[in-house]
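Data first, discussion second: the structure below is written as structure tokens.
The values are calculated or read from the model by the stated rules, or taken from the named source; none is laboratory data. Just so it is clear, the model here is predicted, and its values are computed rather than measured. Every residue, glycine as well, gets a Cβ built from its backbone with ideal geometry; the counts of neighbours run over all protein chains shown. Ligands, DNA and RNA are stripped out before the accessible areas are found, and what is left, the full protein with its side chains, is counted by its heavy atoms. Shrake-Rupley method; radii C 1.70, N 1.55, O 1.52, S 1.80 Å.
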Amino acid sequence: MIWNPEQECMNPANLQTLQFARLKNLVEHVYNTVPFYKKKLDEAGVKPSDIKSLKDIAKLPFTTKSDLRETYPYGLLAVPQSEIVEIHMSSGTTGTPVVDAYTAKDLDDWAEGMARTLSAAGATHNDTIQNAYGYGLFTGGMGVHHGSRKLGATVIPISSGNTQKQLMLMRDFNTNLFTCTPSYAMYMAEQAKQAGIDLHALPIKAACLGAEPWSENMRTQIEKEWGIKAYDIYGLTEITGPGVAFECEAQNGMHVNEDLWYPEIINPDTGEPLPDGEKGELVITTITKEGTPLIRYRTRDITYIMTDTCSCGRTTRRIHRLYGRTDDMLILRGVNVFPSQIENALAEFGIRPDYMIKVDRSEVTHLDEVELHIEVSPEQFDDETKGMEALRNNITSVMKSKLGIMLKVKLVEPQSLPRFEGKAKRVIDNRKL
């Protein structure tokens, strides 16, 4: 189902005219209201008057995550703070959080993007949507919530976890569509089987899944276990949250809401724009954002813009399922984790950064399982068992607090982990993503 045919099926030439008008307005506005962007554009030798076509977007400088951290908390505001009605941000576990500030219009645009997303998965105002993404500063929960209300559907804001209640509510309230991470969808299916619940007997017809990498094989498993259609969705905190791109019934690439977010693909090494069809790094400009608009934000996600016409009738361009990232970030159970976070946490215990992260996906629960091997000093390793256990428990607790996920910590003897002459390989990711 197409929520907004006027925008989603717009003539491509008319869409480009709209995109250019919004891009030009955005550049002029941030140049005059955001000192950060005025300085950035001046340093690049670009003036708003230099943007004479959509192709001129390539003249504009990139925005990176480090830029967002350096301008924390309100350095990117393009409106008075009094016009901001909602704040979301990253966890900040790698340092300063990344902030996204929304005006009332920003929330309406976000809700519009998510209404299109949910509608493409078959949801209507007559349906009940169970939202198992986390609520709070994380954008997942509130993004789905805003979109469900825009759609006019009944939303169950259960948030993540509490699996038995999730299943109970699906049965008792006749849930038609649910949202969560793909791995949690698999875990719920396993728990339902153990509880003797027949998922195929539930009125659920679809799920919108995202926030972590997942494979086509995993989609097949989820659809088989639940008897539903499982749709991939895309977004990130920095550029509003979920609703940026979504799969339609064809399940062949994710349609970008191009009237709200303008996508580019660049060579991640040179920064040069790549034509549609060539794989590279996804860059997004928030062409309608008022609160904290971003120009050419480097997402670090690797994909390409698909060139064929979609059978659903939408004319917006699609991005292929993500291949990975250009940095060393891991996505574990929907949480972003960097190896540097672990190094910083280990420093609190006086432990050298000799560690190895091993990631598997359980064949039983289908959840990510993370084992952290840490070399300790000879004195610590030779300590009595009670002391080693206390150290392990302390490290486990700190990692849970700082990373937001539970790691299985294993203390190993000195010199037992591999050594590297070049860049150290700290992560062994055995997931088939």
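Could you list the trypsin sites (Lys or Arg not before Pro) in region 24-110 that lie in coil according to DSSP, counting only those with at most 14 other Cβ atoms within 10 Å of their Cβ?
Here the sparse-neighbourhood loop sites are K52.
For the chain, modelled as a GNM with alpha-carbon contacts under 10 angstrom, which of C312, C180, C208 fluctuates the most?
C312
Indicate, rounded to the nearest 5 percent, the antiparallel portion of the DSSP beta bridges found entirely in the chain.
Once the DSSP bridges in the chain are tallied, antiparallel ones form about 60 percent.
Could you tally the net charge around R298, taking each other residue with its Cβ under 14 Å from the Cβ of R298, Lys/Arg +1 and Asp/Glu -1?
Around R298, the surrounding residues sum to -2.
Checking the cross-link filter: which lysines have an alpha carbon closer than 23 Å to that of K408, excluding same-chain neighbours under 8 positions apart?
K358, K386, K400, K425, K432
Compute the accessible area per residue over region 217-339, keeping the other protein chains in place, probe 1.4 Å, unit Å².
On the way: 4110 Å² over 123 residues.
Result: 33 Å² of accessible area for each residue.
From a point 7 Å beyond the Cα of I428 in the direction of its Cβ, which residues of region 354-370 have a backbone N at a distance under 20 Å?
Answer for region 354-370: 354-364, 367-370.
For region 1-77 and region 165-221, what is the separation of their Cα centres, given in Å?
About 38 Å separates the Cα centre of region 1-77 from the one of region 165-221.
For T33 and T326, what does the FRET efficiency come to when R0 = 35 Å and r is the distance between their Cβ atoms, rounded to the nearest 0.05?
0.70
Hand me the GluC sites (Glu not before Pro) from region 365-416 located in a DSSP loop with no more than 13 other Cβ atoms within 10 Å, in residue order please. Each step should come with its number before you reach the end.
Details: sites: E369, E371, E375, E379, E384, E389; in loops: E384.
When the GluC sites (Glu not before Pro) of region 365-416 are filtered for loop state and at most 13 Cβ neighbours within 10 Å, E384 remain.
Before rounding to the nearest 500, sum -39500 (n - 2.57) across all DSSP H runs of length at least 4 in the chain and divide by the residue total; then give [θ] at 222 nm in deg cm²/dmol. Kindly include the intermediate steps, with their values, before the conclusion.
Working: 12 runs with 138 residues, N = 433.
That comes out to -10000 deg cm²/dmol.
May I ask you to give the percent of accessible area on the chain that is carbon plus sulfur, with a probe radius of 1.4 Å?
Details: 9440 of 18900 Å².
For the chain, the apolar C and S fraction of the accessible surface comes to 50 percent.
Over region 273-338, what is the mean sequence separation of C-alpha contacts under 8 Å (at least six apart), divided by residue count, expressed as relative contact order in percent?
Details: 93 pairs, mean separation 17.7, N = 66.
Over region 273-338, the number comes to 27 percent.
If the chain between K358 and K224 were fully stretched, how many nm would it gain, using 0.36 nm times the residue separation less the Cα-Cα distance?
45.4 nm
Have a look at T117, T103, T270 and tell me which one the Gaussian network model of the chain (Cα, springs below 10 Å) gives the largest fluctuation.
With Cα springs under 10 Å in the chain, the top fluctuation among T117, T103, T270 is at T270.
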